[in-house]
Amino acid sequence: MDITRAQLDVFREDFKKFDTDSSGHLSKEQVKGMLNDQLQREATEAEVKGFFASFDADQNGVITFNEYLLNVLGAGFTVGGAAPDPADLAFDGAAPAAPAAPAAGPFSFASGLPDCCTASPDLYKTIAEIPGVARLVEMNFPPGAKDVPHEHPIHSMYFITPCKLKIADPPGSDPKEIEVPAGAAPIFPAMAHQVENAGEQDGRAIFVEPYPNCQPCGDPEGYISPFDVSPECYKILTEDDAWITGVMTMEVGAKDALHHHRDHLIFVEEGDGVTIYPGGDEESPMVVPLAPGAGIPAPMSAPPFAKHTLMNSGTVPLKMVFFEAKK
C-alpha cells in the first residue's frame, strides 16, 4: 500500500493520542486505553493479549509506531511511492524500530521441498499475514517464468488475471496445461508441483496458506454475517470447511450494515479509501487510505476488524477479495 506523507501524519496522530508518555511505543495499559476507546467499553484481557499477538512483531511487550503501521497498512507499505525513510518512522524523538523481518520458511514438509516464497521469492511474496494463523501470498508470473519445485498446504486462490499455466504435479512429471479465467476462486489440496506461465501476459493470483497448527479463532459474541445483512456488497465465491473466499464491492458513498468478521486477510483489487466505524460507532470513524494491490491483515483480535460498519469514502468503486476463517 502506498500512502502520502499527509496520510502518514494522520496515522502518527492516531498513535500519539494513546502514547501518553511520548515514549514512541504503546504499553499494555496504553493499548487497553486504545481498545476501550474503539470498543466503547472495557476491553478484556484476552482482547489486549490478542492485539499484542498480532501487532507486537518482536514480542518485546510494547508496540512501536512501525509495528502499528505494518499491521494497519501491511508489509511493504510505501510513503510517496518509496520505501519509508527511518525519519518517517521516528516518533517524538524515539529511535525508529527496524522493520520486522519477514518470516522465512514457515512450513516443514515431509517431502523436504521448500514453500513457494522460499523457493521463488521473485515470483511469490507474502503481502499480509496474521501470525500463527495464515499468510496471504501474491503470485506474479511474467510470460515464460517458471518457478522452482515447491510444496503448498491446502490453499484457496483467487485469479486476478486470466492465466495459461503448465503445471508439473508432482515436480518432474509431464506438465499439464490449464487455462484459468480472471475471477476464478479454486481451492487446491496440499500439493508439490512446479509452475510455468505458458501465456503471453503476466499471470497474477493471490492465495491464502494456513500456517501449521493454526488454531480456531472462535465466534464473536452475537455473530452477524456480512453475507446475510449486506448481500448487495458481500458475496461468497467459494468455501470449504475452514475458509471462505469472499468479495466485497461497494459504490462511492455506499455503506454496509453492522456485522462481524473472524480472522481474515484482505486484498484490495480496486479502491482508494474507506472509513471504518469500529463497533458501528459513527462518532469514532477511522479513515483508511487504500491502494490497489495492497494486502491487509485483519485479525479478529483487533477491534476495528471484528465488528464494524464500513463506508466507501474514496473516489472510485471498491472491490476487495478476502479470505476469512470459518471457525
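What follows draws every value from the coordinates through simple rules; no lab data is involved. Not measured: the values here are computed from a predicted model. All Cβ positions, even for glycine, are placed from backbone atoms using ideal geometry, and neighbour counts span all protein chains on display.
List of remarks:
- Members of LYS28/LYS49; LYS146/LYS319; LYS125/LYS176; LYS235/LYS255; LYS307/LYS327 lying beyond 18 Å, as alpha-carbon distances in this model show: LYS146/LYS319; LYS125/LYS176
- By average C-beta atoms within 10 angstrom, highest first, the peptides 299-308, 54-63: 299-308, 54-63
- Estimated Rh, segment 233-287: Kirkwood, alpha-carbon pairs, angstrom: 13.1 Å
- Electrostatic dipole magnitude of segment 1-96 [Cβ: Lys, Arg +1; Asp, Glu -1; Cα centre; debye, to 20]: 120 debye
- In percent, rounded to a whole number, the relative contact order of the chain is 17, using alpha-carbon pairs under 8 Å and six or more apart.
- Footprinting exposure proxy ranking of ILE178, ILE206, ILE244, ILE154, fewest other C-beta atoms within 10 angstrom first, gives ILE178, ILE154, ILE244, ILE206.
- Crossing angle, helix 45-55 versus the chain [Cα axis fit, 0-90 degrees, rounded to tens]: 50 degrees
- Within the listed set ARG135, ARG262, ARG204, the Gaussian network model of the chain (springs between alpha-carbon atoms below 10 Å) gives the highest mean-square fluctuation for ARG204.
- A straight chain from ALA53 to SER108 at 0.36 nm per residue would run longer than the Cα-Cα distance by 17.6 nm.
- Listed residues THR249, VAL316, GLN215: farthest to the positive end of the dipole of the chain (Cβ charges): GLN215
- Eigenvalues of the alpha-carbon gyration tensor of segment 1-96, scaled by 5 and square-rooted, set the equivalent ellipsoid semi-axes at 23, 14, 13 angstrom, largest first.
- With Cα atoms, 0 to 90° folded angle of helix 5-18 axis to the chain main axis: 60 degrees
- Prolate/oblate/rounded label for segment 159-255 (Cα gyration tensor, a/c 1.5): oblate
- Compactness of the chain as Cα Rg over 2.2 N^0.38 Å, two decimals: 1.00
- 0 to 90° range, to nearest 10: angle between helix 28-39 axis and the chain longest Cα axis: 90 degrees
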